Amino acid sequence: MDFTLSAEQQMIRDMCREFAEEEIKPRAEEMDRTAEFPYDLVRKMGELGLLGLPFPEAYGGAGADFLTYCVALEEIGRGDASVAITMEAHTSLGAMPFYLFGTEAQKQQYLVPLTRGKQLWSFGLTEPGAGSDSGGTQTHAELRDGRWRINGAKAFITNAGTDMTGGVTITAVTGSQPDGHHEITNIIVPRGTPGYIIGNAYHKMGWRASDTRPLAFEDCQVPEGNILGKCGDGFRQFMQILDAGRVAIAAMTVGLAQACLDASLLYTAERKQFGRPIAEFQATQFKLADMAMDIELARLIYYKAAWLHDNGQDYGREASMAKLFASEAAKRCADRAVQLHGGYGFMDEYPVSRYWRNVKAHEIGEGTSEVQRLIIAKQLGR
Ligand SMILES: Cc1cc2nc3c(=O)[nH]c(=O)nc-3n(C[C@H](O)[C@H](O)[C@H](O)COP(=O)(O)OP(=O)(O)OC[C@H]3O[C@@H](n4cnc5c(N)ncnc54)[C@H](O)[C@@H]3O)c2cc1C
């Protein structure tokens, strides 16, 4: 067993670490305060190839493996969670469905501008009435005269309304299956299609500089060919998308946990009480040690899940474990970091208060912790 990253993986990790340290981190407090989408940073990430990492060069990507993409996300997440979720949602949820399930023409038309960082794309699964029960989609599409007529609504969609967003791929009910279950199909809806209504951005507790919006579809029409794969493939497709997405979320979550430890190591060495740095108290050292252990274990499980993915093996169980463990470990790290900062940790001038607010979303997006436990239990035959 070899845990060493390859020379290429180390190079991309180091590039992302430098970019996060020099360009993202100094802006993170302001981005959080103003909740403004950082167009310049995202465009720069496109130029660096970070918006198309795990796609072949033939489609404008960097040709990296999945582990490399995850390691890159860890470093971007160490810089800022809003920027990391923008990259993750664009890559894992927006671009990946085109790569995995699109026709050659769809790949050329939709995927290439995404991997080159010219556009962002979003994935609309969640609805006001269908969250954890994602198969409960109510949005429906009816085929009439060679066009899909879509009606319904989506909630909490990342990258849905930036100036760079090219459109959304949505799940919609297109009929019913012989067993009575909904037939769900993924439909491509380019921005600007009449009847595709992009709502106002939500005001959020964390991930504040990322773009999250509700969407509505009112007699929105797209050509018959705007589907991914065949009618009825939608459920299987988004399950596959979410498995990989969960490993990616785990990776960016490890970055957030690492940022909590970075800040705590610095602060506890400087802050003096009772005549000495608080880092000299054993109670402080125990918190730092627990943080380091949580981070190492979370990193190991996402590395393993990504390795299984890269080696063509089943990784659904490890993906759920990685997302669940990393998000809960990062929450423990954020809590310890605020505690170690005392009253200053409660103030927005210190990054740890932002880390504490951001970490909550990691336990919710792309399947809540409860849903991850259900998936793991199912693998145990329960
Ligand atoms: C910032 C942000 C960005 C997001 N981006 C996207 C996106 O880009 N695209 C997209 O499609 N979605 C997105 N989501 C939606 C996200 O995936 C859902 O919020 C999540 O899946 C939970 O659904 P819900 O919010 O409807 O909660 P619900 O499903 O209503 O859950 C409420 C509570 O009930 C629990 N629960 C539900 N069912 C069970 C059960 N069977 N057993 C035990 N507990 C259960 C849940 O765990 C949770 O604690 C985003 C969400 C957020 C917050």
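Listed by position, the helices (runs of 4 or more DSSP H) contained in the stretch 273-382 that have at least 2 residues being within 16 Å of the ligand (Cβ to nearest atom) and in contact (Cβ under 8 Å) with a residue 12 or more places away in the chain are 316-341, 351-362, 369-379.
Does the stretch 160-171 include one or more residues that are open to solvent by 40 Å² or more (accessible area, probe 1.4 Å), near the ligand (Cβ under 10 Å from one of its atoms) and not acidic (Asp, Glu)? No, there is no match, as no residue in the stretch 160-171 is open to solvent by 40 Å² or more (accessible area, probe 1.4 Å), near the ligand (Cβ under 10 Å from one of its atoms) and not acidic (Asp, Glu). Here Thr368 meets each of (1) buried (at least 22 other Cβ atoms within 10 Å of the Cβ); (2) of a type outside the set (Asp, Glu); (3) within 18 Å of the chain's Cα centre (by Cα) with one exception, condition (1).
Might you check whether a residue that is within 16 Å of the ligand (Cβ to nearest atom) and of a type in the set (Val, Ile, Thr) occurs anywhere in the stretch 253-267? Checked the stretch 253-267: at least one residue is within 16 Å of the ligand (Cβ to nearest atom) and of a type in the set (Val, Ile, Thr). For Asp211, the criteria (1) over 20 Å from Arg149 (Cα atoms); (2) touching a strand residue (DSSP E or B) at 6+ places or on another chain (Cβ under 9 Å); (3) modelled with pLDDT under 95 hold in every case but one, which is (3).
Taking the stretch 189-231 as the search range and keeping residues that are touching a Leu at 6+ places or on another chain (Cβ under 8 Å) and assigned to a loop (DSSP other than H, G, I, E, B), which one is nearest to Gly152 (Cα to Cα)?
Taking the stretch 189-231 first, the residues touching a Leu at 6+ places or on another chain (Cβ under 8 Å) are 196-199, 224.
Now drop any that are not assigned to a loop (DSSP other than H, G, I, E, B), which leaves 199, 224.
Numbers: Gly199: 13, Glu224: 18 Å.
Among residues in the stretch 189-231 that are touching a Leu at 6+ places or on another chain (Cβ under 8 Å) and assigned to a loop (DSSP other than H, G, I, E, B), the one nearest to Gly152 (Cα to Cα) is Gly199.
Out of Ile184, Ile249, report the one residue that is open to solvent by less than 20 Å² (accessible area, probe 1.4 Å), in contact with a His (Cβ under 8 Å, 6 or more places away or on another chain) and in contact (Cβ under 8 Å) with a residue 12 or more places away in the chain.
Details: Ile184 fails: in contact with a His (Cβ under 8 Å, 6 or more places away or on another chain).
Answer to the selection: Ile249.
The values are calculated or read from the model by the stated rules, or taken from the named source; none is laboratory data. As the structure is a prediction and not an experimental result, all values here were calculated from the model. Heads up, the Cβs are rebuilt from the backbone with ideal geometry, glycines too, and the neighbour counts pull from every protein chain shown. When the accessible area is computed, the model is the full protein with side chains, heavy atoms only, and any ligands, DNA or RNA have been set aside. Shrake-Rupley method; radii C 1.70, N 1.55, O 1.52, S 1.80 Å.
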